[in-house]
Amino acid sequence: MAGARAETLRARMRKLSHRVRTVLRKSAVDYFRGDASDWLAFAVLLLTVPAITCGTLMLPVWFSPSALVLPIVAGGLLLRPASLLALYAASAAALIVEALVLGPYTQGPARVTPGTVLVVAACGFFGLVIAQFRSRVGVPWRRGGTMLFDLRERIRVQSKLPVLPPGWHREMALRPAGGQSFSGDFVVAARTGPRGRTLEVVLTDVSGKGMDAGSRALLLSGAFGGLLGSLPPPDFLPAANGYLLRQDWDEGFATSVHLVLDLDTGDYELLSAGHLPALQLSAGTGRWQEKSGTGPLLGVYDGAEFEPARGNLRPGDVLMLFTDGLVETADREISEGIDRLTGEADRYVAAGWEGATWHLIEKVAKDVNDDRALLLIRRSA
């Protein structure tokens, strides 16, 4: 009986220990995700206020009364508005105590002056504005930066080109406007058809640039990625056009080009929605030729029709798709930009095309304040 009771007690203790570990682990994960209460940060900052006050009273040369802005600024980043107001009340009480103990500011330095009060109040005001905005958005500070990072990585993952079979080379470079992390240009691609022998690529340029177009580009890239491969190629752009019209955005149009390439024969179709023409380099002649389908911008009117352009990539041929930021500026026509792009691209015919897209953007449109994207597909000789 005693042995059975001891075994039961040990089992209960193990179960209790497991439950405690689970609760602590969940609390820690929730805290760092931003889902938990801010009581820990609030307690630490609240204890900081009397510590700074004591330092100011005992060592006024080293601790200025304005040092109270430190927990106030930290509270604006860490706390919810209700907790922040309680921290402000404690800081105000600390200023009053410092003013009473140190005496009037006219009697010497290291006193609580009107300027000190103004600085602390201004920091508190801006911290409260930030906390209220964060609370209204519903994104805790610990998750805000992570969410932006996740969004950027999702766009990057969606823009990755699939691995092609031997005999094909593909690469892409995308450069947002102003060195930002988000772009209005995006690519979605997939290998479809029997045995994945068809490559479908969609390059889209959303109206606007940089951060202004980044949110719409993220939404559209997810939608276009779902449509790609789920519909026959001729139905993709009409479906994308209908989706864009349903969003009812004030600035809701986009240009897009849809490439459908047979990886066995090199035959391709190019469907365009108001996008710039693609450029094909013929290995036999060494000349560049423009290839473009016909069709209106996406998101302009319903019932739009898109007529494809057809071609074939022979061994050694190169096909380039790009957005207008690469070839058009305020002081340069599109035709001039295309000539400059093809002139720079000719240098890679003999040197090989590895890393060519990044270098071409650097050479042709390095300092352009617009989103730039360049996609290159080459069939090996």
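The values are calculated or read from the model by the stated rules, or taken from the named source; none is laboratory data. Here the structure is a predicted model, which is why all the values come from computation and not from measurement. In this analysis, Cβ positions are derived from the backbone assuming ideal geometry, glycine residues included, and neighbour counts consider all displayed protein chains. Surface areas here come from the heavy atoms of the whole protein model, side chains and all, with no ligands, DNA or RNA. Shrake-Rupley method; radii C 1.70, N 1.55, O 1.52, S 1.80 Å.
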R0 = 35 Å: FRET efficiency of ALA381 with ASP235, Cβ-based, nearest 0.05?
0.50
Less than 18 Å from a label point 7 Å out along the Cα-to-Cβ axis of SER335: which backbone N atoms in the stretch 343-377 qualify, by residue?
343
Quick one: pull the percent of accessible area on the stretch 278-381 belonging to carbon and sulfur, 1.4 Å probe, ligands and nucleic acids left out.
44 percent
Using 0.36 nm per residue of separation minus the Cα-Cα distance, give me the extension gain between MET58 and ALA309 in nm, one decimal.
82.2 nm
Lys and Arg at +1, Asp and Glu at -1: neighbours of LEU376 with Cβ under 11 Å from its Cβ sum to 0
In nm, the gap between the two label points placed 7 Å beyond Cα toward Cβ at ASP346 and THR265 is 3.3 nm
Could you check the spin-label model distance between ASP248 and GLU354? Points 7 Å from the Cα along Cα→Cβ, value in nm.
5.3 nm
In nanometres, what is the gap between the two model label sites at LEU77 and ASN369, each 7 Å from Cα along Cα-to-Cβ?
3.0 nm
How large is the convex hull of the C-alpha atoms of the stretch 65-129 per residue, in Å³?
59 Å³
Determine which aspartates and glutamates satisfy two conditions relative to LYS363: a Cα distance under 12 Å, and not lying fewer than 8 residues away in the same chain.
GLU344
Shape verdict for the stretch 229-359, please, from the Cα gyration tensor: rounded (a/c under 1.5), prolate (a/b greater than b/c) or oblate.
oblate
Centroid-to-centroid separation of the stretch 61-77 and the stretch 269-328 [C-alpha atoms, Å]
60 Å
Ordering of 236-242, 124-130 by burial proxy (mean other Cβ atoms within 10 Å per residue, highest first):
236-242, 124-130
Could you give me the percent of Cα pairs per 10 Å distance bin for the stretch 188-306, shortest bin first, beginning at zero and ending with the bin that holds the maximum distance?
13, 43, 31, 11, 1
Please list, or write none, the aspartates and glutamates whose alpha carbon is within less than 15 Å of the alpha carbon of LYS15, excluding same-chain residues fewer than 8 places away.
GLU7
